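Enquirer: Please see the structure below; I have some questions.
The values are calculated or read from the model by the stated rules, or taken from the named source; none is laboratory data. Here the structure is a predicted model, which means the values were calculated and not measured. Every residue, glycine among them, receives a Cβ derived from its backbone with ideal geometry; neighbour counts consider all protein chains shown. Just so you know, the surface numbers come from the protein's heavy atoms only, side chains and all, with ligands and any DNA or RNA stripped out. Shrake-Rupley method; radii C 1.70, N 1.55, O 1.52, S 1.80 Å.
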2 protein chains.
Amino acid sequence: MKDVVIFGSTGSVGRSALSVIAQNRKDFKVKGLSANRDIHTLKAQIEKFNPSYVCVCDEDFAKKIEPFVNGKVKLLKGEKGLEEFSSLESDISVMAISGISALKPLLMNIQYTKRVALANKESIVAAAPIIFSQANKFNTEIIPVDSEINAFFQLMQFKETADNEVFRKVYLTASGGALLGCKKEDFRKVTPKKVLNHPTWKMGERITVDSTTLVNKAFEVIETHFFFGIPYEDISIVLHKESFVHAFVEFQDNTLLACLYPPDMKMPIAHALYYPKRSQGKSNMNFSKAFSCSFAPLSLNSYPLLKLILAAAQKGDNSLVILNACDEVLVEAFLEKRIKFTDIFKIMRYMFNKYESNVINTLDDVFFWDLWARVKTRERIQKI
Amino acid sequence: MKDVVIFGSTGSVGRSALSVIAQNRKDFKVKGLSANRDIHTLKAQIEKFNPSYVCVCDEDFAKKIEPFVNGKVKLLKGEKGLEEFSSLESDISVMAISGISALKPLLMNIQYTKRVALANKESIVAAAPIIFSQANKFNTEIIPVDSEINAFFQLMQFKETADNEVFRKVYLTASGGALLGCKKEDFRKVTPKKVLNHPTWKMGERITVDSTTLVNKAFEVIETHFFFGIPYEDISIVLHKESFVHAFVEFQDNTLLACLYPPDMKMPIAHALYYPKRSQGKSNMNFSKAFSCSFAPLSLNSYPLLKLILAAAQKGDNSLVILNACDEVLVEAFLEKRIKFTDIFKIMRYMFNKYESNVINTLDDVFFWDLWARVKTRERIQKI
């Protein structure tokens, strides 16, 4: 029986994690749940999983849930509460807070848990060296939950993948998102509704927009680089609209090994919870009916934001912190219809051309440039 | 530099092995070549690879090549010559003789080589326990060259595949052969020409017919069972007409790992020659253009010969020796237009219903029942 704490339990990944745990009650005990504002979902989760600790990050919403949890669980409130929640001891923590706000609790939590099942990409994009050095210091495992990165993690259990001599490169798959096949001239008119209708994955709103611009895929390339130490030039992306194959590794003789499972976040979450064991799935699920998988080369020129972020990644400076913050602000503005879809790229490019290159050494550096980028991006939005 | 001897160098697999070696002259030296009757191809191979030993199994053809090789190489002739050829010391032998006639040289050769790259299926089907016990006794590696089995061999390098607790089952892929989609009522009229036109693989004649009846696939199931100790009930077949994915392993959580490469025998041969290293292929070959892979469940009832041989495999007696011999005789008769395509199944079923069950303990048992089956099958062909 393992103690699990879940950061961001009411979001898409948090809910998937809890449904994995609901099916495996004998193996996992939910010790703590954290949420931001979705009190309705959180109440239902408290009743179902009976955690010892609940953290509500928004103080106003925390007050609303107080009468409900009174006496039954320990309620932690606001930023201070999240800090306390992050220092709960656990066997496994699921880090499913979205955006850069996951970074501080993650770094704190690494000191108190044995394993982080990490679903948050932004923290890796902005601060991978700081995170991995912290994990190393406290001997904490970090297992990627992002499906492609989790698929690589699985393929890296293969003894040849550790052999630089025979291992050549890796391929991440990309569904291409909701706008695959959409003409360039129609991009200006693209609505949030259209973008949010992802063909294969059901996810949160920002990641769904990021899947369309392929900012999400750029982030996964960065994750692959930092998790497995693979040089950027050895990481490619392949279009695969069915999202069934998540990752390929290629040996120098051109043989490929692939990791496949249905596009359902419960699969990589269960893997991260059970590793090195595996959860017990229903039998006779695979190949019970006919299906096809298509693959196509991806042209970086068709995805200017992907190209931009990969160029930033090569710099190894503060540019990824800046572009991540910039993207978060821009996607929010797009979803609120304050800017057009095409403005996301325009402003990102503007920021990348204008930013001042600096080295990131500390957590304070990360937050300084993150805030700088948010302020500058909002200013730029005003000017449009 | 490794010494290689090739049994059956003029056949399809033998020629592929030599073209791998031709591209990697610095790593391999051809020590010996054996052929049966194709003197024309053999002469060209002798000139190109300059072996020290050449064996021609058919004595009449051996005489024909004698003036050509005179002095340059040691020529070994007939059955006695093959015995001497089998006892040549080598780092690697490629066993690409077709049919049950590979068995004797294989067992002899296991004593003198460090590794057998085994392309012959019939020897495994008829005498796996004898072969693996011999390999064990002489500490000789046997690496499967058959593409599906080689793909499993690659996937078995994965640490989880050794863990019975999480490893659930394996899937072999089948292209479905030249008659996929052909109506049952049209099977009687099928000609050798039609059957020999395999959509994806270019192979020898018997194996191409066996790919259509799926006798070949049944043999691969048996190989999978004996090479990796996987119970028959955990081995399934999936239709996959593009022949790009060769094998899947499935974990208990339903995650699949796959091994993929183009349908070209040079790939598994190079793997078997270089293992645990890998050959150097051209870069940027994979995903350079769009392609699709289709998968469909296979119904055993659509392939009665497959079903029949798998039923025989479960018996663990002399039935596989008998059905292998029977199939070899029947395919030859079909190719010579002495029987109809549908007679292959009819006579195989007859033999399976009539044979006397006996245990196979020794090589003599194998050859006794092999001969018995050939005589009985020929008698049966006469009666049609």
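Enquirer: Using a 1.4 angstrom probe with every protein chain in place, what is the largest-first accessible-area order of B:TRP372, A:TRP369?
Expert: B:TRP372, A:TRP369
Enquirer: Then there is this: Counting only other chains, what is the mean number of Cβ atoms within 10 angstrom of the Cβ of each residue in peptide A:257-270?
Expert: Whole-number average of other-chain Cβ neighbours for A:257-270 is 3.
Enquirer: Separate question: I want to check the label-to-label distance for B:PHE368 and B:LYS114. Put each point 7 Å from Cα in the C-beta direction and report it in nm to one decimal.
Expert: 3.9
Enquirer: Let me ask something else about it. Have a look at B:ILE100, B:ALA128, B:ILE110 and report the one farthest towards the positive end of the charge dipole of the stretch B:98-150, computed about the Cα centre with Cβ charges (Lys/Arg +1, Asp/Glu -1).
Expert: B:ILE110
Enquirer: If you roll a 1.4 Å probe over the heavy atoms of the protein chains, what accessible area per residue do you get for the protein assembly as shown, in Å²?
Expert: 42
Enquirer: For chain B, what is the charge dipole size about the Cα centre, in debye to the nearest 20, if Lys and Arg each add +1 at the Cβ and Asp and Glu each add -1 at the Cβ?
Expert: So the dipole magnitude of chain B works out to roughly 1260 debye.
Enquirer: If you don't mind, another one. Copy-to-copy spacing for B:PHE132, label 7 Å out on the Cα-to-C-beta vector, in nm, shortest first?
Expert: Result, one decimal in nm: 4.1.
Enquirer: Can you tell me how much longer the chain between A:LYS289 and A:LYS64 gets when fully stretched, taken as 0.36 nm per residue apart minus their C-alpha distance, in nm with one decimal?
Expert: Residue separation times 0.36 nm, minus the Cα-Cα distance, leaves 76.1 nm.
Enquirer: Hey, which aspartates and glutamates would be in cross-link range of B:LYS202, C-alpha to C-alpha under 16 Å, not counting anything within fewer than 8 residues on its own chain?
Expert: Here the aspartates and glutamates satisfying the reach criterion relative to B:LYS202 are B:ASP146, B:GLU148, B:ASP210, B:GLU242, B:ASP264.
Enquirer: Divide, for the stretch A:147-203, the radius of gyration over alpha carbons by 2.2 N^0.38 Å, where N is the residue count.
Expert: Taking N as the residue count of the stretch A:147-203, the ratio is 1.70.
Enquirer: A follow-up question, please. Just subtract the alpha-carbon distance of A:ASP91 and A:LYS340 from 0.36 nm times their residue separation and send over the number in nm, one decimal.
Expert: Contour length minus Cα-Cα distance gives 85.2 nm.
Enquirer: Go through the stretch B:98-167 and name the chymotrypsin sites (Phe, Trp or Tyr not before Pro) that are in a DSSP coil and have 14 or fewer other Cβ atoms within 10 Å of their Cβ.
Expert: Counting only loop positions with at most 14 other Cβ atoms within 10 Å, the chymotrypsin sites (Phe, Trp or Tyr not before Pro) in the stretch B:98-167 are B:PHE138.
Enquirer: Here is a follow-up. Among B:MET351, B:ILE39, B:SER283, which residue has its Cα furthest toward the positive end of the charge dipole of chain B, with +1 on Lys/Arg Cβ and -1 on Asp/Glu Cβ?
Expert: B:ILE39
Enquirer: Rounding to the nearest 20 debye, state how big the charge dipole of the stretch A:284-372 is about its Cα centre with +1 on each Lys and Arg Cβ and -1 on each Asp and Glu Cβ.
Expert: The calculated dipole for the stretch A:284-372 is roughly 580 debye.
Enquirer: Can you work out the FRET efficiency for the pair A:LYS184 and A:ASP317, with r the C-beta to C-beta distance and R0 = 25 Å, to the nearest 0.05?
Expert: With R0 = 25 Å, the Cβ-Cβ based efficiency is 0.20.
Enquirer: So, one more: Looking at the P(r) of the stretch A:314-384, how many percent of alpha-carbon pairs lie beyond 21 Å?
Expert: The answer is 22 percent, as a whole percent.
Enquirer: Just list whichever of B:LYS104/B:LYS346; B:LYS26/B:LYS121; A:LYS48/A:LYS74; A:LYS2/A:LYS63; B:LYS48/B:LYS74 have alpha carbons separated by over 24 Å in the model shown.
Expert: Over 24 Å apart, Cα to Cα: B:LYS104/B:LYS346; B:LYS26/B:LYS121; A:LYS2/A:LYS63.
Enquirer: Using only the C-alpha atoms of chain B, find the volume of their convex hull and express it per residue in Å³.
Expert: 149
Enquirer: Here's a follow-up. Report the FRET efficiency, 1/(1 + (r/R0)^6), for B:LEU196 and A:LYS307, where r is their Cβ-Cβ distance and R0 is 45 Å, rounded to 0.05.
Expert: Efficiency for this residue pair is about 0.35.
Enquirer: Mind jotting down the distance between the C-alpha centroids of the stretch B:367-384 and the stretch A:101-132, whole Å?
Expert: One Cα centre to the other: 71 Å.
Enquirer: Right, next: Where nothing but the Cβ of Lys and Arg (+1) and of Asp and Glu (-1) is charged, how large is the charge dipole of the protein assembly as shown around its Cα centre, in debye to the nearest 20?
Expert: Here the size comes out at about 1880 debye.
Enquirer: Right, next: Give me the accessible area of B:GLU336, 1.4 Å probe, in Å² rounded to the nearest 10.
Expert: The accessible area comes out at roughly 100 Å².
Enquirer: While we're here: Provide an ascending nm list, one decimal, of label-point separations from A:ILE381 to the equivalent residue in each further copy; define each label point as 7 Å from Cα along Cα→Cβ.
Expert: 8.1
Enquirer: Using the Karplus curve 6.51 cos²θ - 1.76 cosθ + 1.60 with θ = phi - 60°, what ³J(HN,Hα) values do you get for each residue of the stretch B:253-266, in whole Hz, with x for Gly and Pro?
Expert: So the Karplus estimates, Gly and Pro as x, are 8, 6, 5, 10, 10, 10, 10, 10, 6, x, x, 9, 4, 4 Hz.
Enquirer: Long-range amide H contacts for B:VAL190: which residues qualify at under 5 Å (H placed 1.01 Å from N, peptide plane, sequence gap of 5 or more or a different chain)?
Expert: B:PHE341
Enquirer: Shifting gears a bit: Enumerate the whole-percent occupancy of each 5 Å bin, from 0 to the last occupied one, for all C-alpha pair distances of the stretch B:246-384.
Expert: Per 5 Å bin, starting at zero, the Cα-Cα P(r) for the stretch B:246-384 comes out as 2, 8, 13, 13, 11, 12, 13, 12, 9, 5, 2, 0 percent.
Enquirer: Based on alpha-carbon centroids, what's the gap between the stretch B:170-249 and the stretch B:311-359 in Å, whole number please?
Expert: Their Cα centres are 17 Å away from one another.
Enquirer: Can you give the calculated 222 nm mean residue ellipticity of chain B, where each DSSP H run of n ≥ 4 adds -39,500 (n - 2.57) and the sum is split over every residue, rounded to the nearest 500 deg cm²/dmol?
Expert: -14000 deg cm²/dmol
Enquirer: Can you compute the radius of gyration and Dmax for the stretch B:211-267, using only the Cα atoms, both in Å?
Expert: Taking only Cα atoms of the stretch B:211-267, I get Rg and Dmax of 12.3, 34 Å.
Enquirer: Right, another one. D for the stretch B:16-166, whole µm²/s, Stokes-Einstein with Kirkwood Rh over alpha-carbon pairs at 37 °C and 0.692 mPa s: what number?
Expert: This corresponds to a translational diffusion coefficient of 198 µm²/s.
Enquirer: What does the buried accessible surface come to for B and A, summed over both chains, with the probe at 1.4 Å? Round to 100 Å².
Expert: So the total buried area for this chain pair works out to about 4500 Å².
Enquirer: Here is a follow-up. Using the 7 Å Cα-to-Cβ label point, sort the distances from A:GLU47 to its equivalents in the other copies shortest first and give them in nm to one decimal.
Expert: 8.7
Enquirer: Find the Cα radius of gyration of the stretch A:103-160, compare it with 2.2 N^0.38 Å by division, and give the number to two decimals.
Expert: My calculation over the Cα atoms of the stretch A:103-160 gives 1.13.
Enquirer: Let me ask something additional. Could you tell me the calculated FRET efficiency between A:VAL375 and A:GLU233, based on Cβ-Cβ distance and R0 = 45 angstrom, to the nearest 0.05?
Expert: 0.85
Enquirer: The protein assembly as shown: Rg/Rh from Cα coordinates, Kirkwood Rh?
Expert: 1.06
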